[in-house]
Structures are given as C-alpha cells and as structure tokens.
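Comments concern the structure below.
The values are calculated or read from the model by the stated rules, or taken from the named source; none is laboratory data. Computed from a predicted structure; not experimentally measured. Virtual Cβ from ideal backbone geometry, glycine too; neighbours counted across all protein chains shown.
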Amino acid sequence: MWILIASLVALGILAAIAGIMRNRKLAKQLANGEITEMPEVKMVLDCGADACELDEGKSCDLDCMTPIIKQHIDYYDDEELDAYKGKASDQYTDEEAEEFRNVFYTMQENDVPGWVKSLQQRELNIPDGLKDEVLLVLREIRKKNNYGNNKD
C-alpha cells in the first residue's frame, strides 16, 4: 500500500517538474521572440478520422465528447477479417463467411470467447450462418466452467 502511495506522489512530483520546465522553456522562447504568445492548452479527443478541439463556446458531436477507452485487441491470426468491419451479419457471401469459419474451426475451444470479444472490439459481425455454431461452443464452455466451480 505504501509503495503505491509513494509511487503516486513521485509521479505527481515528476509531472510538476515537467510542467515547470515546459513553462520556463516557453517563457524563454517568448522572451527571445521565437513565439509571439504562450500557447493555450486545448483538450483534444480522438474521434476517429477527425480530432475535436474543445474550446469555450464550441462543441463537438456527441460521439466526440464521449471518450472511448481503447483496449488492447487480441488477434487470432485473423487480420484479414478486418476487411469486413461494419458489414451486417446477413450481408456476407458464402466465401466471406467461409473465412470466418476457417478461423473459428482452427482455434482451440478456450480461445472462442476471446475471439468473439476481439471481433466486437473490431466492429466485426459474425456471419449469420456461423452464429449458431459459435453460440453453441460458448454455451459449452460456460457449462464446463459452471460445473467446474460447483465441485465440492
């Protein structure tokens, strides 16, 4: 516990020192005429292709104002599936659905929940023809885990 508190205090001190050094550097640049005014700090949210600057009196789209927590995405040797981002689950051709099926059937059963999460994070919809099979495996994994937890 004390290590955590000490680390947070040390991090705060380092941040303060970095801020002071930045302000001194900017003050020197201002005095030397390298810059004409002190730059303002602006909050910028990453909104995909465009960035949104939040200034007083200005607003952004709701999507931009909602910060997105970007989580690490695990890939299951399936980077080629990213080509289908945003495609509706009922719009896949048989060949495209087969790409998902090949990945699904070559992975270990325990990797399926992580793969489904990865697809969700990447905004990939599972083709309708494969959904039942994926759900069946997920249910089997859940059953195994529940039975394993109920052992006396």
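State yes or no: is Arg122 assigned by TED's automatic domain parsing to the domain that holds Arg139, under 24 Å from Lys143 (Cα atoms) and either in contact with a strand residue (DSSP E or B) (Cβ under 8 Å, 6 or more places away or on another chain) or of a type in the set (D, E, K, R) (or both)? The answer is no for Arg122. Within the stretch 112-126, residues that are closer than 14 Å to Glu79 by Cα reach partners that are acidic (Asp, Glu) and assigned to a helix (DSSP H, G or I) with beta carbons closer than 8 Å, at six or more positions or on different chains, in the pairs Arg122/Asp82; Leu124/Asp82. Across the stretch 79-93, a minimum of one residue is classified as modelled with pLDDT of 85 or more, out of contact with any Pro (no Cβ under 7 Å at 6 or more places or on another chain), assigned by TED's automatic domain parsing to the domain that holds Arg122 and β-branched (Val, Ile, Thr).
Summed over the stretch 1-45, residues that are touching a strand residue (DSSP E or B) at 6+ places or on another chain (Cβ under 8 Å) and at pLDDT 85 or above total 0.
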